[in-house]
Amino acid sequence: MIYNDYLKMINFDYLKNLNLAQKEAVIHTEGPILVVAGAGSGKTKVLTSKIVHLIKEKKIIPNQILAVTFTNKAAKEMQNRVIKMLKSEKSGLPWLGTFHSICAKLLRKHAKAVGLNSNETVC
């Protein structure tokens, strides 16, 4: 069977509104994949669908997924989409955020190792 035919047959809810290239990016889990796309092309949809695919189909524990974005707005949007797609109030994705928020979380978590208090403000 041709790969595109296989992609057309897959019928997971979170893949319904994706084109073939987007579906391929979502279900690809063996090794790295590079997604290059312009503004408004569905990158956030692909990333959130991939997170859901990893959790539902590959049985990845949510707190073992790292999703990093550039803005708080984008991070919040991704979090909300994942929650909606998983049909749960809490997605359990503590590692979804901006570069700054993820690094701040790591510093707080391992503050003692670098001689800091876990409640210090990071500037």
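The values are calculated or read from the model by the stated rules, or taken from the named source; none is laboratory data. This structure is a prediction, so every number in the text was calculated from the model and none was measured. Here the Cβ is made from the backbone with ideal geometry for all residues, glycine too, and neighbour counts use every protein chain on show. With ligands, DNA and RNA removed, areas are computed over all heavy atoms of the protein, side chains included. Shrake-Rupley method; radii C 1.70, N 1.55, O 1.52, S 1.80 Å.
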>> If I ignore ligands, DNA and RNA and count only protein heavy atoms, how much of MET78 is accessible to a 1.4 Å probe, in Å² to the nearest 10?
In response: 10 Å²
> Out of these labelled values of mean projected area of the Cα convex hull in nm², (1) 9.5; (2) 6.9; (3) 10.6, which was calculated from the coordinates shown here?
Replying inline: (1)
> Roughly how many percent of the accessible protein surface of the range 40-94 is carbon and sulfur, given a 1.4 Å probe and a whole-percent answer?
Replying inline: 57 percent
> What do you reckon, how do PHE70, PHE99 stack up by accessible area (1.4 Å probe), largest on top?
Replying inline: PHE70, PHE99
>> Could you give the length gained by full extension between LYS105 and ALA37, i.e. 0.36 nm per residue of separation minus their alpha carbon distance, to one decimal place?
In response: 21.6 nm
> How much accessible area does GLU77 have with a 1.4 Å probe, in Å² rounded to the nearest 10?
Replying inline: 80 Å²
> Which value, in Å² and to the nearest 10, is the accessible area of THR121 when all protein chains are kept and the probe is 1.4 Å?
Replying inline: 120 Å²
> Assuming R0 = 41 Å, what is the FRET efficiency of SER118 and LYS84, from their Cβ-Cβ distance, to the nearest 0.05?
Replying inline: 0.80
> In the structure displayed, which of LYS56/LYS84; LYS87/LYS109; LYS58/LYS105 lie more than 18 Å apart, Cα to Cα?
Replying inline: LYS87/LYS109; LYS58/LYS105
>> Could you work out how much longer the chain between LEU66 and ALA21 gets when fully extended? Use 0.36 nm per residue separation minus the Cα distance between them, nm to one decimal.
In response: 14.0 nm
> In degrees from 0 to 90, rounded to the nearest 10, what is the angle of the helix 99-109 Cα long axis to the longest principal axis of the chain?
Replying inline: 50 degrees
> If HIS53, HIS28, HIS110 are ordered by their accessible area, calculated over protein heavy atoms with a 1.4 Å probe, which sequence runs from highest to lowest?
Replying inline: HIS110, HIS28, HIS53
> Averaged per residue, what accessible surface does the chain expose to a 1.4 Å probe, in Å²?
Replying inline: 70 Å²
